[in-house]
Amino acid sequence: MAVSKCSRLTGPLIKQTLDSVDSVLFDCDGVIWRGDQAIPGASDVINLLKKSGKKVFFITNNSTKTRKMYADKLALMGFKVTEDEVFGTAYCSAMYLKNVSKLQGKVYLIGSNAMRQELEKVGIQQIGVGPDPISGVQVDWANVPLDPEVKAVVVGFDEHFSYMKLNRALQYLNNPNCLLVGTNTDTRLPLEGGKAVPGTGCILKAVETAAQRQAQTVGKPNHFMYDCVASQFDLDRDRCLMVGDRLDTDILLGSNCGLKTLLTLTGVSTVADAEAHQKSGCPERLGMVPDYYVESIAELLPALQG
């Protein structure tokens, strides 16, 4: 670990840090790719880490792709990966419902086809994917037909999110025994050129507000994302490095789980953001201060090639 947090990772410190870990967890967008373009040098970094004997995993809050879809995208970009090294919130939500909640019943899903596929892979039936057009009047909405087998409402990114979906979720959640699970709380999805679109967190907040309940979230910075990986690959948290571009998700996940943390500046957060958290003295904000930072993960290459 560095003497002080938020240190530039450079020179001999790079090899020293890599030698101190057995496993490296990478966020995806803004870290190893931006949009459909790999970060220059990223595939070499990943492939050399694996060649040197490190375990490498990909941890993303994006719920719109299955593990296989991510593995295929990575392979096309030149990364040597297997499907079981990818942990997205679609898959992790299914794992949470199966292994933690021990769900016995169906899911009302506000989410994507990828989420539907991951749920079905573990034997969980769902309803709700696709458009749900509004009809009738308010009394009809309050008495909308419900499937009695639904025991959980699961909220991910849904491009078809609508008033009727919000209403249907509320009607299910009026049953106090119906679970409410969200993939993540990211409120904005950053795009190239400084633009952004609303994220899953906006949809989840709407459901929470309507139901007057707080969801259990599985995505970063919740420790369940790490637990999901660790339980399958027997990780030692003292010898893990979390690499990400967002302080409030990636770095906070690492802090929450006792991992070493590395911020890369090819995505959302900046060193100034991290330093502001560090100077705040606020315990909650200090969790968003990384141990180290680099301009790009390509800066790890010399130590790996040496």
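Here is a yes/no grid of residues against (1) at negative phi; (2) in contact (Cβ under 8 Å) with a residue 12 or more places away in the chain:
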| residue | (1), (2) |
| --- | --- |
| Pro198 | yes, no |
| Leu204 | yes, yes |
| Gly244 | yes, yes |
| Asp250 | yes, yes |
| Val268 | yes, yes |
| Ala272 | yes, no |
| Glu275 | yes, yes |
| Gly281 | no, no |
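Looking only at the range 45-62, residues that are free of Cβ contacts under 8 Å to residues at least 60 places away in the same chain and hydrophobic (A, V, I, L, M, F, W, C) come to 3 in all. Within this structure, Ala94 passes the test of being open to solvent by less than 60 Å² (accessible area, probe 1.4 Å), hydrophobic (A, V, I, L, M, F, W, C), in contact with an Asp or Glu (Cβ under 6 Å, 6 or more places away or on another chain) and free of Cβ contacts under 8 Å to residues at least 60 places away in the same chain.
Just one of the listed residues (Asp19, Asp36) is farther than 23 Å from Gly199 by Cα, assigned by the TED database to the domain that holds Cys228, open to solvent by 30 Å² or more (accessible area, probe 1.4 Å) and not hydrophobic (A, V, I, L, M, F, W, C), namely Asp19.
When the residues of the range 233-273 are filtered to those that are of a type in the set (A, V, I, L, M) and part of a helix (DSSP H, G or I), which remaining residue is surrounded by the fewest Cβ atoms within 10 Å (Cβ to Cβ)? The qualifying residue surrounded by the fewest Cβ atoms within 10 Å (Cβ to Cβ) is Ala272.
Of the set (1) surrounded by fewer than 23 Cβ atoms within 10 Å (Cβ to Cβ); (2) polar (S, T, N, Q); (3) in contact with a Phe, Trp or Tyr (Cβ under 6 Å, 6 or more places away or on another chain), all apply to Asn174 but (3). Scoring Lys195 on the criteria (1) buried (at least 16 other Cβ atoms within 10 Å of the Cβ); (2) basic (Lys, Arg); (3) over 18 Å from Gly156 (Cα atoms) leaves a single failure, condition (1). Among the residues of the range 13-66, those identified as in a helix (DSSP H, G or I), more than 23 Å from the chain's Cα centre (by Cα) and not hydroxyl-bearing (Ser, Thr, Tyr) are Leu13, Ile14, Lys15, Gln16, Leu18, Asp19, Asp44, Leu48, Lys51.
For the range 283-306, a residue qualifies if it is of a type outside the set (S, T, N, Q) and open to solvent by 50 Å² or more (accessible area, probe 1.4 Å), and the qualifying residues are Pro283, Glu284, Arg285, Leu286, Glu295, Glu299, Pro302, Gly306. Here is a check on your reading of the model: is Thr209 of a type outside the set (Lys, Arg), under 24 Å from the mean Cα position of the chain (by Cα), farther than 30 Å from Leu259 by Cα and open to solvent by 70 Å² or more (accessible area, probe 1.4 Å)? When the stated conditions are applied, Thr209 passes them.
Selection of first residues in the range 164-191 that are within 20 Å of Asn143 (Cβ to Cβ) and of second residues that are among the acidic types (Asp, Glu) and outside any strand (DSSP E or B), restricted to Cβ pairs under 8 Å at least 6 apart or on distinct chains, gives the following pairs, ordered by first then second residue: Met164/Asp132; Lys165/Asp132; Lys165/Asp158; Arg168/Asp132. Every test in (1) touching a Gly at 6+ places or on another chain (Cβ under 7 Å); (2) open to solvent by less than 70 Å² (accessible area, probe 1.4 Å) is passed by Val229 save one, and that test is (1).
The values are calculated or read from the model by the stated rules, or taken from the named source; none is laboratory data. These numbers come from a predicted model, not from an experiment. Don't worry about glycine lacking a Cβ; one is built from the backbone with ideal geometry, like all the others, and counts go over all protein chains shown. Heads up: the accessible areas ignore ligands, DNA and RNA and are worked out on the full protein's heavy atoms, side chains in. Shrake-Rupley method; radii C 1.70, N 1.55, O 1.52, S 1.80 Å.
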